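To keep things clear, I will list the structure first and then write my remarks on it.
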Amino acid sequence: MAFLALNKEKLSAYVALTKPRILLMVLIMSAAGFFMGAGGSLRPLDNFLIMLLGTALSSGGAAVLNHYLERDSDQLMHRTRKRPIPAGQITPEKALSFGLQLVLMGVTILAWQVNLLTGFLSLLTVFLYVLVYTPLKRVTWWNTVIGAIPGALPPVGGWTAVTGHLDYGAWIVFLILFVWQHPHFYAIAWMYKDDYERGGFKMLPVVHPDGRSTFNQVIGFSIILIPISLLPSLVGMAGPFYAWGMGILGLVMLAIGIQFSRTRSVQDAKRLLKASVIYLPLFFALILGDRSF
C-alpha cells in the first residue's frame, strides 16, 4: 500500500508539472481553431483527436521545461515554492528529461500524423515560450507582450491541422487571443506583484509599482478586444449570434477592468482574472452556438 501511495504521489507531481489548468485552456483554443478552420465541424474526428493529443504533449512538455528553468525563482515565491521541483518531489534532471520527451513526442505526432505546418507551429510555440518568454521575465516587462505570441498560437495550430495552410481566418483567431491575454496576465501580475519581485521577475507592476502603466494596459487592451473579437462576424466566419455574444462579453471585461483600475484591489484583480478565464470557453461556445441560428 505504501508503494502504491508513493507512486500515486509521484504521478500527481508529474501531472502538476504540465500545468493542467493552462493545458486545458490551450486545448480549448486549439479545438476552437480546428472548428473554425473546418467551417463549423470537428471532422475528420481522427485528425481532431490526434491534434489534441499532440498539442497536449507539446504544451505539457513546454510547461515542464518552464518549471525546470524557473526552479530557483519558484523557491523564493510563496505561491510557487510548493511546486514539484522546489518541494523536492521531482529532481531537476528528471523534470528536464520528462519535458523534453513530451515536447519531442508531441511535435513528432503533429508533424507525422497531422501535417508539417502544424508540427512546426507547435515547435515554434515551445521555442518562444521556453527559450524567449521565460528568460525575458528576468529582463523586461515586455515579456508579457512577447509571451502573448506563443500563447496565441495554439488555435492557429488547430486551424492548420484541418486546413493545412494559414490564411486570414487563422490570423484573426491569433489576434483575438493575443489581445485577450494582456488583461488576463496583468491581473495576475498585480495579484502577485510582491511574489514576482521576490522571484526577480520584471513584471510591469514590479517595474512601475504605482500601477498607472498596468491599468493603462488593462483598459487599453480591453477596449481593443471588443472590435477585434467581432472580426469573425465581419469577414463571414461567424454570424450575428456570435457578434452579440462577444460584444457583451467584451463590455463586461472592460467594465471589470475599469473597476479594477479604480480600486486597484486584489479582489478586483481576481474578478478580472475570473472573467478572462470564463471568456475562453464562452468564446468557443458562441462559435458553436452561432452555427445553430
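Since every read-out is calculated from the coordinates, none of them should be taken as a lab result. Bear in mind the structure is a predicted one, so any value in this text is a computation, not a measurement. Backbone-built Cβ (ideal geometry, glycine too); neighbour counts: all protein chains shown.
Using only side-chain charges placed at the Cβ, +1 for Lys and Arg and -1 for Asp and Glu, the dipole size of the chain relative to its Cα centre rounds to 680 debye. Put in line by how crowded their Cβ is, counting other Cβ atoms within 10 Å and starting with the fewest, R264, R43 read R43, R264. Applying a length cut-off of 27 Å (Cα extent along the axis) and a mean Kyte-Doolittle floor of 0.0 to the DSSP H helices of the chain leaves 45-69, 168-191, 240-263, 266-290.
Charging the Cβ of each Asp and Glu at -1 and of each Lys and Arg at +1, and nothing else, the dipole of segment 167-293 about its Cα centre rounds to 280 debye.
All C-alpha pair distances within segment 167-293, sorted into 5 Å bins from zero, spread as 2, 12, 21, 21, 16, 12, 8, 5, 2, 1, 0 percent across the bins. Taking the Cα centre of segment 8-166 as origin and assigning +1 to Lys and Arg Cβ atoms and -1 to Asp and Glu Cβ atoms, the resulting dipole is close to 460 debye.
Roughly speaking, what is the stretch gain from M105 to S41, that is 0.36 nm per residue apart minus the C-alpha to C-alpha distance, in nm to one decimal?
20.4 nm
Only helices enter this figure: runs of n ≥ 4 DSSP H residues, each worth -39500 (n - 2.57), summed and divided by the residues of the chain, yield -24500 deg cm²/dmol at 222 nm to the nearest 500. Taking other C-beta atoms within 10 angstrom as a stand-in for reagent exposure, V103, V277, V173 fall in the order V277, V103, V173, fewest first. Taking the charge dipole of segment 1-118 about its Cα centre, with +1 at Lys and Arg Cβ atoms and -1 at Asp and Glu Cβ atoms, the residue from A87, L117, V26 reaching farthest to the positive side is A87.
For the chain, a Gaussian network of Cα nodes joined below 10 Å ranks R21, R83, R271 by mean-square fluctuation, and the top entry is R21.
Of K10/K193; K82/K202; K8/K82; K19/K274; K8/K94; K193/K274, which sit over 20 Å apart, Cα to Cα? Distance filter (> 20 Å) returns K10/K193; K82/K202. Neighbours of S261 by Cβ distance under 13 Å: Lys/Arg scored +1, Asp/Glu scored -1, total +2. Bin by bin, in steps of 10 Å, what percent of the Cα pairs in the chain do you find, going until the bin that has the longest distance? Distribution as computed: 7, 27, 33, 24, 8, 1 percent. Take the Cα of I223, step 7 Å toward its Cβ, do the same at V277, and the gap between the two points is 2.9 nm. The ranking of W159, W190 by Cβ neighbour count inside 10 Å, starting from the fewest, reads W190, W159.
Placing unit charges on the Cβ atoms of the charged side chains and taking the dipole of the chain about its Cα centre, the candidate lying farthest along the positive direction among L204, L96, P155 is L204. The distance from the alpha carbon centre of segment 117-190 to that of segment 192-219 is 21 Å, rounded to a whole number.
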